[in-house]
Amino acid sequence: MLQQQLAANGALSDAPLALSIVIPTLNEVGNIEPLLERLTLVLVDLGWEVIFVDDGSTDGTAELVTEIAQADRRVRLIRRIGRRGLASAVVEGALASTTPVIAVIDADLQHDETILPALYNAIAVDGRELAIGTRYCQGGSCGEWAESRRKISRFATALAAPIMKTRLTDPMSGFFAVRRSVLLEAAPALSNVGYKILLDLVASHPRPLSVAEVGYTFGTRQSGASKLDQMVALEYLELLLDKTIGRYIPVKLIQFGAIGVLGVGVHLTLLYLLLHGGNLAFGAAQAGAVIGAMTFNFALNNRFTYRDRQLKGFAWLTGLLSFWLVCSLGAVANVGIGSLVFAQFHGWWIAGVAGAVVGSVWNYVASGWLTWTRK
Ligand code: GDD
Ligand code: MN
């Protein structure tokens, strides 16, 4: 009924929408128009739309897309405020689409759009569930990459093998097309962290998928700059952890604990320096070491574990104070539990470990609630 009414009103006079192309953007203003021109050339026979997902570009990307979209109904825009992350941006764009097939491509023209029809056809015609652009098969290459970056990419690819339910030659690729229903099946389990949405997808989907791979040459960026930074490695590690032991322990708790172990080293070093270098009495030296270690833990957790809610400026100081408070209570819990266990079992190290574990978990839970409040 609705279809007929719409058709009568001319709303369906265009080819039906078959393909949504999700394009994450962060400061890509110089690439938007060339990319749309290229897509128009290569997708002539298809009803398609693009969904840009912009995370607060400051170079006018979102304004340009808005202007284009007002004249061209194939173009849509999602603006996210105060959020970052390639993988989560792609997921949000994909969930906003209603077409049977969804493709994902970078905005910076490094992905070869001429293979998009092949990716689409692999799904729509050949019935595959997933089709990826790959640098590591016939017809594919890394283009002008330096040997060092090639090595890193291969190493990262090797690390991914244990979590991939579907074998892919290039799980690091951010260039692929997927059947909409497949994406929806994987969506609830996605980790959504970092850059590697394709890997997240095949690791999160409950079963192996049927795949087509199409080779392409990774292009060289002409305009704008890459957003890859030192955090990419950490985010990749977080994704791997989340997909393996993340089912049992939150990844943030693992990071918090790892930093805590480093903190013990800081504590002992400070204690040694204050006792022998500073000639302080034990009580004073121990107090100084505790404060130093807590501050170290706070700074590292703020920088890494909770970088998604990082405290800066004055909030850094109030955060530090609240962290000290949390840890003081944690220390009380540590001593209390330790004493209880010791009274029961008389094993000094079991009591020590039990106290430390309970104290640390308290610190983790309470600081997540008090210090790094989710905005
Ligand atoms: N919305 C949004 N939010 N977009 C982002 C963000 C973000 O936080 N970070 C990056 N982007 C966009 C960029 O604007 C670009 O369109 C695309 O994501 C890729 O970012 P680049 O900074 O150009 O990454 P790259 O070229 O190093 O990485 C590409 O190659 C990898 C292969 O090694 C990406 O395609 C990766 O997905 C791919 O794995
Ligand atoms: Mn790029």
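In degrees from 0 to 90, rounded to the nearest 10, what is the angle of the helix 32-42 Cα long axis to the longest principal axis of the chain?
Here the helix axis deviates by roughly 50 degrees.
Is the C-alpha gyration tensor of region 180-258 telling us rounded, prolate or oblate? Criteria: a/c under 1.5 is rounded; beyond that, a/b larger than b/c is prolate, otherwise oblate.
The shape class here is oblate.
Which whole-Hz couplings ³J(HN,Hα) result when phi for each residue of region 278-290 is put into the Karplus expression 6.51 cos²θ - 1.76 cosθ + 1.60, θ = phi - 60°, listed in order with x for Gly and Pro?
Rounded to whole hertz, the list is x, 6, 7, 5, 4, x, 5, 5, 4, 4, x, 5, 4.
In a GNM of the chain with a 10 Å cut-off on Cα contacts, which of 270, 19, 239 has the highest mean-square fluctuation?
Highest fluctuation among the options: 270.
What's the longest piece of the chain with no exposed chymotrypsin sites (Phe, Trp or Tyr not before Pro), counting a site as exposed if DSSP puts it in a loop and it has at most 16 other beta carbons within 10 Å?
1-144
Positive end of the charge dipole of the chain (Lys, Arg +1 and Asp, Glu -1 on Cβ, about the Cα centre): tell me which of 327, 337, 296 has its Cα farthest that way.
Farthest towards the positive end: 337.
Which residue, chosen from 100, 111, 71, occupies the Cα position most advanced towards the positive end of the dipole of region 71-138, where the dipole is computed from +1 (Lys, Arg) and -1 (Asp, Glu) charges on Cβ about the Cα centre?
71
Between residue 253 and residue 222, how many nm apart are label points set 7 Å from Cα along the C-beta direction?
5.1
Fully extended, how many nm does the chain gain between residue 281 and residue 229 (0.36 nm per residue separation, minus their Cα-Cα distance)?
14.2 nm
What shape does region 296-375 take by its C-alpha gyration tensor, where a ≥ b ≥ c are the square roots of the eigenvalues and a/c under 1.5 counts as rounded, a/b above b/c as prolate, and the rest as oblate?
Judged from the Cα gyration tensor, region 296-375 comes out prolate (a/c at least 1.5, a/b above b/c).
Name the residue from 81, 190, 248 whose Cα lies farthest towards the positive end of the charge dipole of the chain, charges +1 on Cβ of Lys and Arg and -1 on Cβ of Asp and Glu.
Of the options given, the answer is 248.
In whole Hz and in residue order, list the ³J(HN,Hα) couplings for region 203-210 that follow from phi through the Karplus curve 6.51 cos²θ - 1.76 cosθ + 1.60, θ = phi - 60°; x for Gly and Pro.
Once θ is set to phi - 60°, the couplings for region 203-210 become 7, 8, 5, x, 9, x, 10, 7 Hz.
Applying 1/(1 + (r/R0)^6) with R0 = 25 Å to the Cβ-Cβ distance of residue 291 and residue 262, what FRET efficiency is obtained, to the nearest 0.05?
In this case the efficiency is close to 0.95.
Multiply the residue gap between residue 365 and residue 272 by 0.36 nm, knock off their C-alpha separation, and tell me the result in nm, one decimal place.
The residue 365-residue 272 span can extend by a further 30.5 nm.
Compute the distance in nm between two label points, each set 7 Å from the Cα along the Cα-to-Cβ direction, one at residue 317 and one at residue 353.
Going from the residue 317 label point to the residue 353 one covers 4.2 nm.
If you average the sequence gap of Cα pairs under 8 Å that are 6 or more apart and divide by the length of the chain, what percent do you get for the contact order?
Reported relative contact order: 13 percent.
Please give the contour-minus-distance gain from residue 59 to residue 44: 0.36 nm per residue of separation, less the Cα-Cα distance, rounded to one decimal in nm.
2.4 nm
Listed highest first by mean packing, meaning other Cβ atoms within 10 Å per residue, what order do 74-82, 226-234 come in?
Taking the mean over residues of other Cβ atoms within 10 Å, the ranking is 74-82, 226-234.
Give the average over all directions of the projected area of the C-alpha convex hull of the chain, one decimal, in nm².
Computing the convex hull of the Cα atoms and averaging its projections yields 25.2 nm².
For residue 78, list long-range residues whose amide hydrogen, built 1.01 Å from N in the peptide plane, is under 5 Å from its own amide hydrogen.
Counting only residues 5 or more places away or on other chains, the set is 52, 53, 54.
Of the lysine pairs in the chain, how many meet both conditions: Cα atoms under 23 Å apart, and a spacing of 8 or more in sequence or different chains?
12
Dipole size in debye (nearest 20) for the chain around its Cα centre, Lys and Arg Cβ +1, Asp and Glu Cβ -1?
Around 1260 debye, computed over the chain.
Rule-based calculations on the coordinates, nothing more; no lab input. Please read these numbers as outputs of a predicted model, since none were measured by experiment. Backbone-built Cβ (ideal geometry, glycine too); neighbour counts: all protein chains shown.
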